[in-house]
Amino acid sequence: MSKPLHIINGPNLNLLGTREPDVYGTTTLADIEAMCAARADTHGLTTLCLQSNDEGEMVNFIQAARTEASGLIINAGAYSHTSVAILDALQAVQVPIIEVHLSNIFAREEFRHHSYVSGVAAGVICGLGAQGYEMAIDALAARLA
Ligand code: CA2
């Protein structure tokens with residue numbers, strides 16, 4: 001049995017499906033986490049999900065991925081654009097990392113165009129909504145096969 005894929009969603013993503021549907025869609029985070037588990041299952045993989053509004057808690061979960069995960073999917077939310085602490089934690093992770101954003105961060109404000117996560121990610125998916133998470137799982141499964 002392989003280690004689970006760790007899936008991290010950062011600040012405010014617990015609000016998905018309740019506000020700003022024009023930007024982030026109507027799918028809730030619970031829906032996304034269930035979709036991820038189902039998609040992983042088609043590859044014989046499992047998932048372990050964290051949503052946190054707390055940067056330190058996210059760092060702790062990333063550190064745990066060093067020994068407890070086979071791959072990592074991260075939507076660090078606004079911390080993508082600000083957090084050197086999350087970058088430092090990700091740099092210590094050896095398993096493949098895929099960065100996901102629901103919205104197309106390059107079609108939005110300039111400050112969203114840079115992500116500290118991107119430089120340590122094997123790949124970046126943005127602008128495809130909840131489907132981006134499924135694509136990230138497929139990509140990790142292919143790498144782990
Ligand atoms: O597009 C993405 O997935 C983002 O990571 C979402 C972040 C944003 O700061 C990034 O630039 C791009 C914000 C998540 C906020 O989520 C909400 C969802 C519903 C209602 C309000 C906020």
- [ ] Could you pull out every residue, at least 5 positions away or on a different chain, whose amide H is within less than 5 Å of the one on residue 7? Hs are placed 1.01 Å off N in the peptide plane, and Pro or chain starts have none.
- [x] 48, 49, 50, 73
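By how many nm would the segment from residue 43 to residue 109 lengthen if fully extended, with 0.36 nm per residue of separation less the alpha-carbon distance?
Result: 20.1 nm gained on full extension.
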TODO: Give me the compactness ratio for the stretch 21-145, meaning the Cα radius of gyration over 2.2 N^0.38 Å.
DONE: 1.00
Open item on the list: Quick one: 3J(HN,Hα) in Hz for the stretch 109-123, Karplus 6.51/-1.76/1.60 with θ = phi - 60°, rounded, Gly and Pro as x.
Closed with: 4, 3, 5, 8, 6, 9, 10, 5, 6, 4, x, 10, 8, 5, x
Open item on the list: Given the options 135, 75, 23, identify the residue whose Cα lies farthest towards the positive end of the charge dipole of the stretch 16-145 (+1 on Cβ of Lys, Arg; -1 on Cβ of Asp, Glu).
Closed with: 135
Open item on the list: If you filter the stretch 83-145 for GluC sites (Glu not before Pro), then keep DSSP loop positions with at most 12 other Cβ within 10 Å, what is left?
Closed with: 109
Open item on the list: I need the shape label for the stretch 1-78. Rule: rounded when a/c is under 1.5, else prolate if a/b > b/c, else oblate, with a, b, c from the alpha carbon gyration tensor.
Closed with: oblate
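Not counting the cut sites, what is the longest span of the chain without trypsin sites (Lys or Arg not before Pro) that DSSP labels loop and that have at most 14 other Cβ atoms within 10 Å?
By the stated rule (loop sites, at most 14 other Cβ atoms within 10 Å), 20-107.
Values in this text are rule-based calculations from the coordinates and carry no lab data. Please read all numbers here as calculations on a predicted model, not as lab measurements. Cβ sites come from the backbone with ideal geometry, for glycine too, and all protein chains shown count toward neighbours.
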